Structures are given as structure tokens and as C-alpha cells.
Amino acid sequence: MIGRRFLRAGCALAGRLGAGRLGLALLLACAAASAFAAQPTAPAGASDPWARLSGPEFDHFPPALRLPSDVVTSLAQTRHGVVWFGTFGGLVRFDGYRTQIYRGSPDTSAGGGSPPGKQGAGAPPPSYVLPDAYVRSLLYIDDGGLLIGTNAGGLVRFDMDANGFRAVPIAHRATAARIMALGPARDGGAWVLSDQGLDHYDPHAAAASPVADAGAGGVSPRLFAVLEDSRGALWLGGHPGLFRRGAGETAFTRVAAPVDDPILARALADDVWALYEDGQGRVWVGTGENGAFALDTTTGRPLTIKGLSGADGVAARHTVRAITEPEGPGGPLWLATDGVGILTLDADDRVGILAHSEMVSTSLAGDVVRAFLRDRSGNVWVGTQRGADRVEAGQRLVSTVQAAPPGGVGLADADVHALTTDARGRVWLGLGRGLVDVVDPADGTLRHVVLPGVDRGRDIYSLAVLPDGAVLAGGRGVTRIDPVTLAGTSSWIPALDGVVVLSLAAAPTPAGTAVLLGGYDGLYIRQPDGTLTHLVHDPADAESLPADQVNKILVVPPCADAPQGAVWLATSGGLAVADLAGMPRPRFHTLRRASQAGAIGGLPHNVVNDVVVDGAGNLWAGTYGGGVAVLTPAQMRDALAGRRGIAPLVVDETQGLANNAVSALAVDGDGSVWAAAAASLVKFNGPGFPPRVLGARDGVIVRAFNIKAATRGAGGEVLFGGMGGLTVMRPGMLRPSVPVGVLAVTALDVNHKAQPPGRLPPPGGTLTLGAGVKTIRLALSLLDFRAPHDTRYAYCLDGFDEDWVEVNGAQPQAVYTNLPQGEYIFRVRAWTDLPGLALSNRQEATAGFDPDAEPVARPGQNTADALSIPPMAELAFHIRVLPHWYEQAWFRLLLVFGLVALMACVLAIRTEAQMRRERALGRIVAARTRDLRAANTKLEQLASTDPLTGVLNRRRFFELARLECDRSRRYGRAFSVILFDLDHFKRINDTFGHLMGDEVLRAAVAVAAKACRTVDLLARFGGEEVMMLLPETDIAGAQVVAERIRTSLAEMEVAYDGRVAQVTASLGVAQWRSPDETLEDLLARADGALYQAKKGGRNRTVLAYNEVERAARMGWAIVPSGDPTGDEAAAALVADTPPLEPLARLAGLGDATLVDPYERETYDRPASSPDEDVPPEPKAASS
């Protein structure tokens, strides 16, 4: 909000305590009163030498918002924390960002009063304008109402729920009276002082009743002030005089002055405009032309203060209109005057003045002060004829010494370029226009020095203290200042006249003190004998000066590695270090950006503005755009020795630094490092600790700090110079970051219509929105009013928003459109605006986080994810969006029933139609199913039978054979296969033709079919080969069947087309030998037997059968061919055959490997005799 700073003009006056007598009634009442005391605070100047030079800074009301009138007459704060201003032009409601103005109209009267919360249907509606624009007084009372006393419209009460005004009737008095003052009553009501007298307001009845009259025959012709003290006594200030009514009394008595005290006599004969009870129980009285005095109600003694009381006081002929204790009960006293600003009175009765100055932007807005308000956040609001001010009184963490106005106390120039502290603790300031200021903390004095010669009118960029106490000032040359007389000797180094001296330092050498001077054109070294050496940057020499611009020179005392000490240079080309033993031409080792050649270590940025050593011996270098680089003592020694690979710790914006452009560094009394970065001050606590950033909310008002303009004061305070004055930081007052202030929704718009303040949701409350709400706008404000534009907000609507929404802009607010009906929780948080620290990191912080005591990461670890700052305030409340009539439960239930009934009807109709269609389709499907089954049967037959012979084809045979194989394996039953091939079938085709061959093949299959049972399988294996599978048949039974087929074929003649052909067949028989044998292995053995039959001369049957062990290994059971006899036809003969090769050797002999001689098991199928019945036809296409 508002620029801050204040001017304390005038000097302290010696206090004098006056004593006198009061009237008899007052003495008796005071003698009977109990004692009430509070210890006053020590004067600020006693412990803080900067208190007299810097006071509270005033924040002015934002001119962009504009008041209805600049004259602020009264102030009040409501329960939610919003501040109200009474002006000549109306009433203003202010939340730090926005105003709501209520103007007056003399033609409109406020509605009649009625008790709060009891406005019935017959009660008149409130008026939305004031009955009079001139608001003389404001008072917020405990029932939640705001009383407004107008100049001509009487007393009205602001109705928070209606956002309007209701007139407060006063019995037996005209309502349009002039209200002079309002005061709180101990019973929760209010005292109303008007031109007609004193009345008491009852909040329950919302009406006032007369207590005492004014005018002829009354207490006083006119009454201006009212006060009920802590003992129940009632005080009235009138024209003229002071009146008192003790607790339990019914009449007022005028307070009389002792006859031997003319000062008090004149004051009590004057008009009394202000009454105030301080923390010690004293009643302070402000008069029209005689200043102010106090009445000690404990002792009954009046108190007059020299310089404050009487016609010769500072406030003489100026009305004292208001009195307050800005720091709370028992603290200093402020008195508002109508021409000399604010009078201050400290605990030692020293009087000061806070006045307006056109030269100081943060001084008091105007010297006519009419009202005070101390709010719940500790702010003091001041109503002046030029607007409203806010100020934080008392000793502060940060204060600023600015340029002095004419006749006042302050700096000779507002631009502070250089700072240093001498051995006596005096602080020297290098200013603009050739000026140097000297502040002596011992006595709080400030002395101005005007430099002569070459530095006259030039900016002073550097200061250095010599061992003899003299101070060197560098501007456009060097001037020596005597430490006692402050006389300046110009052209101390004549050769440097006209040279800009940016930095100065004194370095001890064996011959005396050398002076090092840095500028834009290199480094100068003045030896004790006056010899001057000039060093510049040489690109060809890696150990030369890194750059010609030398911003800061730091001399480090001697150590083991540098017996004569070392010097560190902050330059525009990096950070350089050299051993002073190399004087006057030292060799430098430089840390630059890692990408540049010749560097012994890396820096985040080449431009180094300042360099310091902290209490632990670490070296800190502030860069222009890379943050701060920190070197440990070991790294400092490595740099001095020129060792490479130095990697300093870097602290930048990712770790919470306010800005990467660090202007200046300083070390406080505890050895901690402070930095000026952008418009913020930053405290570092060592590696692994997050920096503590202080900004406008903490009192930092300088927006731009000068490079290396920093020093430590004699009391451990840290001082920074900038373009706006000297900033004084008191580290001892730094406290952990904790939530502060009240975060509230200060305005509510529903469908673009402003809602009454009484409808604003309290913390934890509920905001109910009716059906049909399209848009809501929630205005947000942190009501401590401190640096509102440096405060950031984030909000989240649980149940609607997926994540936190950050608020940007001059007027923070949350806007929602078309919220669905339901229950939500609205949450909002507020933070100080700290550049470089992501808001998402802050959102996870917890209250009470103390970055001064809690490390968040190990040294060297990036802390961006771990660093968090607690929100200063949080708020949460419920939002309920009511449903439309068509969204309510009864309508939805009715709609469900209707839909169910409609669906039932539709379903019944569809079901009947569907059933009719299904019956018709059923008939069609049945017919088509029959056709399909017939077709499928035909297709199945075609797919599984051989088209020439009508028996199974090879594929179908294998399917059924595997089923039989599985069955036999499961039940342990035997089966056999027969494989036969027609002999010389090719000769038949060649001789008779293929048609005869087909006829012969069909006839052969028919012969085999006659030999099969219904369970046997018969298939054409391919060409002229036919195979059979005989379930439940051992090899002996299979042999009988095979012989029957062989003999039948040999006896068969096939006739075709008049020609006759005969055919014989060779057969191989094999029995399944074990569950481990596969069908393929079985057929391979049968095929091997067939091969042996062919080899043995054809027209014969060969068994793959082992009758004895030898026969199993070496031989075959062979049925010889020839013309069999009857007995020979009945059974196959077993003949010895030549020995066969062993099976291992036969593994590579082609078809021979298909013969397996091992057959040991005996099966239950008997051998068939030649006379047995011929088995029926085998199945052809299916099993």
C-alpha cells in the first residue's frame, strides 16, 4: 500500500513535572481510587543510536483509490479487521486493496432503528446513503454494529446484513443532532456526545437515552469529548472546561484548577477536545490552545509537561484532537494537533514532533491530524487533512535514515554510495555531491562534511580507515579526512586527481601502511614511501589483474599461508586473490566462470560486487547475476596457492535468494552474513541453511542498494546504503517467521451484485449460494495492511479445483463461474512475495518454521525442493451451492419413477413384437438348420473320406487313430495296425490305363473293408497304400486279418472295359507296444514291416513281432510268398531270416529304422480262423 517513513523534527525538550490541586470532589474521588500502574518502556534513543535519526515510516493511503474527501475525521476497525474512515465526503470501508464508499445525501434520511436481528416485516428498510456526508466520529461496539456520528444527520448504525444505515433514535431529542464524539461504555454500549448533550446507546434496544444536557442549564454550552475510565468515572470535555462524574454518582462536577498553577488554570479554562486514559491509569486532556496535560487518578495530582502543556508549548494555539499510545499501554504517547502534526512524548517526558515534509515521501501526510486508531495488528492509523496514513510505531527490525528536510535531522544527501566504521564506532557515509556524513552512536549525533578540492560536488564511492584513524574518501581522486576536526585534505594522491576511485583499502607492509585503490582503469598501490604502482589486466598474462574495474578490495590479516596477509579483489572479470608479499606487483589467481580459460575455480558470474569474510572464516562473494559464492577456509588457501579445481558453494534464487543480483555484503555482530539483493535484505546462516529474506513488509523501503555500500555498526547492527537513504538492520530483533495477520474475504459479488458485509463468510463458516448463481467473486486480503502489493495469495476450492491457483494483480480475488450444486471447502493462503522461491514450495510449509535454526539440506545440496516459507495466514470455510428445483431429490425420484414406467411400457410392447418375430424366425431357422446340418454332414463326409474309394482319408484316419491311441493308453488295451500296398500297381496303370488302376484300387479297398469290423478303421494312406487300425486286437489277430486280405486279393480278378487284371498285395502288421509309443512310431514300424514284405518278394505279410530275444534284436517274423496250401493259408509261417543290423546302426538306414522288433505283450484278441464269419463293412467317414 503506501510509502513509509516519517520525520522526527525538533529536538528533545527537558521534562518538568508540575503539581497542583484539583477541586475537592476530584481529590476525594482520586483518594478513594485504587492504584493502577504499568512500567513505561525505555526511550528508543537510550538503546538505539539510530532512533533519533530514523522513526516510523508512514504509509500513505493509495492515491489511485481516492477518498470521497481527503480530510479524514475518524477511524474504526470492525471485528473482521476491515478499517473504516470517516471523511468530510462520506464513509469509506478499506481492506488494503479496495475501497467501498458510502456517500451522504441531505435529502435522504436513514430508516428507523430496530434491534439487530429483529427487523420485522414492519420495520422500515435501511437507507443506502448516509443522512449527512460529514462523518465526525466512528465507533465499533461489541454487538457487531458500527455507529456513525454525522455532523447534521444525527446518529446512525450501519447494518452489516443489509449494507445500509438505520437511524438511532434518541428519546426526547431530535434525531438530526450534530454528533460531536462517540466513546465506548463499560457495559458494552456507547456514549454519544452531541450538541444536545450526553446520551447512552443500548445495543440491545438499538436506541439511545439521555444522560446529561448541554447548552443553557446543562453541563456545558457545548461538549466535545467523552471518556469512561477503567474505574467507571465518566469524563466530559466541553466549551469550556473538564467535567467528571464518579462511579455511582449522578451529577457531573467541573474539575477546578489550583490557584497557584496558572498553566493548568488556563488549560482547564480552555476548550477540551480530547480525552484518553493511558496504560498507567492517567487521564490525558487535550485542549484547544493550551496543549495537553494529565490527571493522575491514583494520586489525584495534575501533571503538566514542559513543552507540551501551556501557552508556550509546542501545541500552543493548536487544538489537540486525539491522543493514543502507538506501542500499546505504557508506551510513548502521541497527540494529534491541527497544525503541527503529531506530538510525541516518551517515558522521560521528552517531546518530539512528527511533521509533514515535501522532501520525505514517507513523512506524515499532513500536519492537521484529527484521529488515531491502533488496530489489532499493531498498526497506527492517522487521519489527516490530506488523507490517511498507516505507521508501525516503536523500535523496529529495519529502519531508514533519509535525507534531512530544511531544519530537520537526517542525511545530507539521500544517495549513500559508501560505508565504513572506524575504531571509535563512528559510521562514515560517502554520499553524493561531495558529501560525507559521520554518525556517532555514543551520543547519537550526525555531522556533515563537505569535501574540498577535486571531490567537491562529486559522488563519494569509497571510504577506508587508516591505522591513525584518518579516513580516506574516494571520488574523483582521494581526500584525507581528519578524524577529530573532520577537515578534509584534497588531492592526497595528486596523480589520481580526476580518477574515479571505486574502492579503497589499507594494507600493512614491513615498511608501513600501503593503500590499495581500485577504479575503472585498474588497481593502484601507494607504497608507504609514496611510490604509486598501477596494475591493469593483461589478456596474455593469466596471473595479471582479471579486469580493470575493481569494485571491492578486501585485505585479509596475515596467516601461515600468507605471513604478510592476502588481498582479495572483487572485479568485473572475476574474484582474484594475491599474496601481499608480492607487493608492489602481486600475482593474482582468479576464479571465473568455469567455461573460461585460466581460472583456478568456477564462479556463477564474472562480475563480483562485494566480498566479505564471515565469523567462521568463510569468504562470501556477491555477484551481479549469479547469487553468492562461498569459499571455505581450505578453498581460500587453495586459491592463494593457485591450486585449480576450486568449486565454491553457490546460493542463488533456486535456494531462496531474493535476487541473483547481489549488491552488497556485510557481517553482523554474530558473524552471520547479510546481503542486499534487489529491494530485499537477506540473512545467511551458513551452508545448508536457507536464506532469510526481508522485504517491504519488514520495513525495507529502499528499492535499490549501491554496490559494496555496507558495513557493521558498533552495536552489531548491519547498515546498507542505497539510492534513498541508509537502511539500518537490527539482527537482534529478528524473530522466526510465523503466521501473522487476519486473512479474510472482504467483499463478495454474486452474479455481479455486491453482497452486504454481514454475508461475508467467517473462518470455518458456510457461504450458501442459491440456485441459478452463475458467477461469484471473492475479494481476498491479509488484514495486517503491511506491504499488500508484496503479498501473494493462492486459493483452492476442494471438490472443484485440481490444484492451488495463484493470484496476481493489484486486487487479489477468486472468481468462479457455473459452480455445480454441492458442498465445497474454499481455502486461501497468503505469503510474502519472495522472488526466486516457488509458491508451490511454500504451500507445504508449516507454521513456526525458523530458517535461522533449521537447516533444510546438507552443504552443497540444492535446497529448492526442501526450502519452504510458512504462510503468514490461512483461511478456510464451506461453500454450499443449492440445487435448482429440477436438481432436487423429489424431482429426481419422480423422474426416475416416470422413466421406469415408460421403460416398462416400451419393454412390454417390444417384448410382444420380439416374440412374434422370434416365432417366425424360429420356423425359418429350423428349416435352415436342417438344410445346414445336411450340408455339414455332406461336407464332413467329403472332408473325411477319400473320393476314389469312399473310405477314410489320411487326415481323418489320424484324428480317429489318435483317439483310439489315447483310449488304449488310458485303459491299457492293445490295438494293431495293418499297412498294405498293391504290388506292381504302376504296371497295371501302364498296361491297362489309369481307369483300370482306379477300378483295381476300389476293388482292393472293398476286399479290405469286408475284413473289417465296425470298430476298425480303414483309410487310403496314399496312392495304392491302404492302412487299417484294429482296436482290441493283438498282433496275432491282426495277422489273421492281414492274411485274409492278402489271399482274397490274390484270388480276385478285376474286369473293366472288357479287360481283366489280377493284383497281389504286400502287408505290414504292427501292434502298439506300450503307452510311451506314439502313433507315428507305430505306423513307422508297420511301414517297416511292409518294406520287408516288398523286399522279401511281395504278396506276403510281415509282422513287426519279436518271439524271442534274438528275434527281437536281429530278425523279422516273415510269412513267405508262394502258392499256399490249405494249412498255410490258415496261418502265417514264422521263418528264420538272416540276421538284421542292430537298431543303433539302423538309425541312419532310411526305412529300416521304422522297424522295431520289440513286442513282448500278449493281448486278448484271439487268432482268427479261416472259417470265421466275415466282419461287417467298416465305417468310412466317421468312427
Based on what the data block shows, is Ala185 surrounded by fewer than 22 Cβ atoms within 10 Å (Cβ to Cβ), modelled with pLDDT of 90 or more and not acidic (Asp, Glu)? yes
Look through the range 323-343, keep the residues that are out of contact with any His (no Cβ under 6 Å at 6 or more places or on another chain) and not in a loop (DSSP other than H, G, I, E, B), and return whichever of them is farthest from Val285 (Cα to Cα). Ile342
Those residues of the range 950-999 which are among the charged types (D, E, K, R), touching a strand residue (DSSP E or B) at 6+ places or on another chain (Cβ under 6 Å) and farther than 16 Å from Glu1024 by Cα, in sequence order: Glu964
Can you pull out every residue in the range 938-969 that is assigned to a loop (DSSP other than H, G, I, E, B) and surrounded by fewer than 19 Cβ atoms within 10 Å (Cβ to Cβ)? Pro947, Leu948, Gly950
Would you pick out the residues in the range 380-412 that are closer than 23 Å to Gly86 by Cα and of a type outside the set (S, T, N, Q)? Val380, Trp381, Val382, Gly383, Arg386, Gly387, Ala388, Asp389, Arg390, Val391, Glu392, Ala393
What are the residue pairs meeting all of these: first residue in the range 648-670, first residue free of Cβ contacts under 8 Å to residues at least 60 places away in the same chain, second residue surrounded by fewer than 23 Cβ atoms within 10 Å (Cβ to Cβ) and basic (Lys, Arg), Cβ atoms under 7 Å, and 6 or more apart or on different chains? Ala666/Arg712; Val667/Arg712
Turns out the strands (runs of 3 or more DSSP E) fully within the range 37-89 with at least 2 residues that are modelled with pLDDT of 95 or more and either within 30 Å of Ala152 (Cβ to Cβ) or not acidic (Asp, Glu) (or both) are 72-77, 83-87
Search the range 923-944 for residues that are not assigned by TED's automatic domain parsing to the domain that holds Arg956 and pair each with any residue that is part of a helix (DSSP H, G or I) when their beta-carbon atoms are under 6 Å apart and the residues are at least 6 apart or on different chains. Ser944/Arg956
Positions within the range 631-655 being under 14 Å from Ala566 (Cβ atoms) and either among the aromatic types (Phe, Trp, Tyr) or in contact with a strand residue (DSSP E or B) (Cβ under 9 Å, 6 or more places away or on another chain) (or both), in sequence order: Leu631, Pro633, Gln635, Met636, Asp638, Ala639, Leu640, Ala641, Gly642
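So which residues in the range 431-445 are in contact with a Leu (Cβ under 6 Å, 6 or more places away or on another chain) and touching a residue at least 60 places away in the same chain (Cβ under 8 Å)? Give the steps one after another, and end with the answer.
Initially, the range 431-445 is screened for residues in contact with a Leu (Cβ under 6 Å, 6 or more places away or on another chain), giving 434, 437, 439.
Selection gives Val439 alone.
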Residue check, Asp348 assigned to a loop (DSSP other than H, G, I, E, B), surrounded by fewer than 19 Cβ atoms within 10 Å (Cβ to Cβ) and among the acidic types (Asp, Glu): yes
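Report whether or not Ala311 is surrounded by fewer than 20 Cβ atoms within 10 Å (Cβ to Cβ), touching a residue at least 40 places away in the same chain (Cβ under 8 Å) and small (Gly, Ala, Ser). Lay out the reasoning, then the answer.
Working: surrounded by fewer than 20 Cβ atoms within 10 Å (Cβ to Cβ): yes; touching a residue at least 40 places away in the same chain (Cβ under 8 Å): yes; small (Gly, Ala, Ser): yes.
Spelling it out, Ala311 is indeed surrounded by fewer than 20 Cβ atoms within 10 Å (Cβ to Cβ), touching a residue at least 40 places away in the same chain (Cβ under 8 Å) and small (Gly, Ala, Ser).
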Give the number of residues within the range 390-421 that are more than 26 Å from Ala787 (Cβ to Cβ) and crowded, with 20+ Cβ neighbours inside 10 Å. 4
Scanning the range 304-322 for residues that are part of a loop (DSSP other than H, G, I, E, B) and on the phi < 0 side of the Ramachandran plot gives Ala311, Asp312, Gly313, Val314, Ala315, His318, Thr319
The range 331-343, residues that are touching a residue at least 60 places away in the same chain (Cβ under 8 Å) and surrounded by fewer than 24 Cβ atoms within 10 Å (Cβ to Cβ): Gly331, Pro332
Please work out which residue is modelled with the lowest pLDDT, limiting yourself to the range 233-257 and to residues that are assigned to a loop (DSSP other than H, G, I, E, B) and either surrounded by 15 or more Cβ atoms within 10 Å (Cβ to Cβ) or touching a Phe, Trp or Tyr at 6+ places or on another chain (Cβ under 6 Å) (or both). Ala257
In the range 772-789, the residues that are under 13 Å from Thr817 (Cα atoms) and touching an Asp or Glu at 6+ places or on another chain (Cβ under 9 Å): Thr775, Ile776, Arg777, Leu778
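Considering only residues that are of a type in the set (Gly, Ala, Ser) and farther than 17 Å from Leu446 by Cβ, look in the range 711-723 and name the one that is farthest from the chain's Cα centre (by Cα). Show your work before the answer.
The initial filter retains those residues of the range 711-723 that are of a type in the set (Gly, Ala, Ser), namely 713-716, 721-722.
Pick out the ones that are also farther than 17 Å from Leu446 by Cβ and you get 716, 722.
Details: Gly716: 35, Gly722: 32 Å.
Here the answer is Gly716.
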Evaluation of Val285 against (1) closer than 22 Å to Ala322 by Cβ; (2) modelled with pLDDT under 90; (3) of a type outside the set (D, E, K, R) (one fails), failing number: (2)
State all residues of the range 356-368 that are part of a loop (DSSP other than H, G, I, E, B) and either modelled with pLDDT of 90 or more or not assigned by TED's automatic domain parsing to the domain that holds Thr337 (or both); if no residue qualifies, say none. His356, Leu364, Ala365, Gly366, Asp367
Note on Thr1047: of the conditions (1) out of contact with any strand residue (DSSP E or B) (no Cβ under 7 Å at 6 or more places or on another chain); (2) among the hydroxyl-bearing types (Ser, Thr, Tyr); (3) closer than 18 Å to Thr949 by Cα, unmet is (3)
Which of the numbered conditions does Leu364 fail, given that it passes all the others? Conditions: (1) surrounded by fewer than 22 Cβ atoms within 10 Å (Cβ to Cβ); (2) under 41 Å from the mean Cα position of the chain (by Cα); (3) of a type outside the set (S, T, N, Q). (1)
Selected residue (criterion: nearest to the chain's Cα centre (by Cα)) from residues of the range 133-158 that are among the charged types (D, E, K, R) and modelled with pLDDT of 90 or more: Arg157
When residues of the range 683-709 are filtered for being in contact with a Leu (Cβ under 6 Å, 6 or more places away or on another chain) and aliphatic (A, V, I, L, M), how many remain? 4
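The values are calculated or read from the model by the stated rules, or taken from the named source; none is laboratory data. Values in this document were obtained by computation on a predicted structure and should not be read as measured data. Cβ atoms come from the backbone with ideal geometry, glycine included; neighbour counts cover every protein chain shown.
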